[in-house]
Structures are given as structure tokens and as C-alpha cells.
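S.K.: Got a structure for you, questions after.
Please treat every number below as a calculation from the coordinates, not as lab data. Please read these numbers as outputs of a predicted model, since none were measured by experiment. Here the Cβ positions follow ideal geometry from the backbone for every residue, glycine too, while neighbour counts run over all protein chains shown.
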Amino acid sequence: MPQINLTNVIPVKLLSHSSIETLHSCPRKFEIYRMNYAPKEKGTIDTAFGHAVGVGVQELLISKSANETLPALRDTNTSLLSEYQNALWKMFLSWEVDIDEVKPKSKKSFHAACLAVEKYQQQLLPLLTSEWELAYFEGKPAVELGFIVKLPNDYYYRGYVDAVLVNKEEKRFRVLELKTTGLNVVDVAQYKNSFQGVGYGVILDKLAASLDYSADYYVDYLVYKTVSQEFLTFPFLKTNYQRAKWLSQLLVETETIDLYLQKELFPTHGESCYNFYRQCQYFGICERENSELQIKKVTNLPTDEEFASAWSIDNLLAINSPTDSKNNSLDTQTAVVYNEPTVKEVIEEFDFVITFEELVSRQYENLASIKQDVTGNFEIDM
């Protein structure tokens, strides 16, 4: 699997769908989050629930794909049970909060996540796999495929695809994007123009080109409503033209961040300080100067480098200095670090490492045969 060294990348230049959403919501929050000036939020039952359901659905797709390769050895009832049990085990391993934690209002718990995956297996999986099957990339099931795009001016955009399906007769791919929500109302407008969905074309462009498949693809947003305990599916066809616009928009995002860096100002959007019935985790912190926020607190179990830095003679003298009385409190749980610990080498693995130039070249090839009429529809020149 290709590796890429991200050690020296400026944190605000390492982008993803979620970080761009944060940038739009509040540039100051984006800056603090990416620069790690303040503590990040711990895992919640909301994130644990969504992740577990995603893992369960992925495991069902993998198990079904593996069993379909040996149909003669497959007992349907036994196979379905073993597929579900295997999915439950992987969900249990992925659960990141207390196993008995419950959120009654939105009906989120480990048991509720298991129920969601069972519903998917019984109601949706047979319909989906009647025409589509799980795709494979270099012998690996196409679930949680990672990609990173090298952008101009030392920016990077990375992401992961929940699952990729293929219809070999139509020669077309389909992306499965899994979402969970505690909201009572879910609308198509929440997903239709998602920046995330179009970005998956980065991977599918490469797969389609190697197999001579259609460059257009579907994105199915599979949304589980926890309150009513039901799945909704929103399918969208993504085109070459939309991907070309996505690339242009991605450049605009990097130019916006460059402007903020140049001005040394990431604006604060006060309307985002309170969302989903709670304060932003950086509320009360974001008003401080960056020079203050670079003082990093180490709690609970620090790394060896952090511990050495926190308890160095220089830092202990600084902490107990009369001129720095506000930082005099120090106990066995918390230390104030004035010197950043040694930067560790950051090397990550991705299934796809792609340059911006490669993507642009591919889009020129695809768009050469496409024209847009005055109504906004697309026609293919034959």
C-alpha cells in the first residue's frame, strides 16, 4: 500500500471533508482544531453508534461477497447467521464508549446499533446485491478505501470511502455512504450536493479508467433514522462535469486558507458557538492569542517525549517562577508544557495517492466528449 510522509505538512493544509465543513462553519475553530492548540473532543455515543453501524454493514458486504464465491458450500440459513454474528463481533471491537452507554432520546446504544445492522441485512442487502456486488481493489474488498490528493502549494486532501459496489453488466460503480441521524426529519437536500460525494470520483476515476467502465457513478446515501429505526436511501448520479467543478472548488478552499494565513486571521463565526444544543468545545478558548494557545496541557497518560518535556528542569523552573504564578499549580495528572515535544514522523498509508495534475488530465479526457445544453442537462457526443 502506498505511503506518504506528512510530517512537515502545515496542519491547516491537511484537508478532509469534515475539516472543510468546519472551515465553512467557523474558520477560527478550523484553525484551532487543525493546529491542535486545544483538546479535541472525546468519543461520544453518537460517533460510536455511527461507526459501529458502518462497520457492521461493511462486514455484511464482505461476508456475502466471500460466500457468493463458493455457492455450492453455502447453507443459506447458517450463512446468514454467521454473517450477522461476524458483523456483531466487529461492531463490538469498534465500539469506542462504554458498552452499556445509552442515549434514550435518539435511541442510540450498542443494542440499537445491532438492530440497525440486522434490519439492513434483512431488508436492504438482498435488494442491493441482486444487481450489484462488492468491488475489489488489488485483491482487497473495496471498503474503507483511503485516498489522498496532492494539491498545489503543499495542500493535501484525504478521505475514505465506506464501500464501492460494481455492476459488471452496466460497467458502472456505485458508492455506498453510510449515515446515522437522531433527527426526525431527513431531507434529500441534506445530501444531494454534498462535497463529499463528488470527491469519491478521485478513486472511481482510476478504477473506471483501468477497467474501461463508465466514469459516471452513483452515490447512495444510506441514512438510518435512529428514532423511527428505519433506513432511507438517497441515490444520486455523479458526472464528470460535477467532478470538474469539485476540483475547482477545492482550489478555492485552499486559496481561502492562504488568505487567512497571509492576514494572520481566521475569522470567528459567533453563530456557530452553539450548535446541536451544546457549546463549541473551543468556546472561551478561541478568543485567546495563538501564542497563548501554544501552551499545551498533557493529561493522564503522556507520551515519553511529552513527559520528558513537561518535567524538564527548565520547565519546572519556569512553572515555579514568581513571574509566572498563574501556572504554579502542577499535580501528578496535569503538566504545563512550554516546549513542544519532539515532532514524530507522520507516515500514513493510502490505497490511492493521486496528484492534482493527474486528476485535471483525467477530467480533460472525460469532458472532451461532454457538452452542457442551456437547460443544464448533459449530452454525450458520439
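S.K.: At 0.36 nm per residue, minus the direct Cα-Cα distance, what do Asn5 and Leu211 gain on full extension? Give it in nm, one decimal, please.
M.R.: 71.2 nm
S.K.: Tell me the trypsin sites (Lys or Arg not before Pro) within segment 184-228 that lie in a loop according to DSSP and have at most 16 other beta-carbon atoms within 10 Å.
M.R.: Within segment 184-228, the qualifying trypsin sites (Lys or Arg not before Pro) (loop, at most 16 other Cβ atoms within 10 Å) are Lys192.
S.K.: Per 10 Å bin, what is the whole-percent P(r) computed from every C-alpha pair distance within segment 90-132?
M.R.: Going from the shortest bin to the longest, the percentages are 25, 42, 24, 9.
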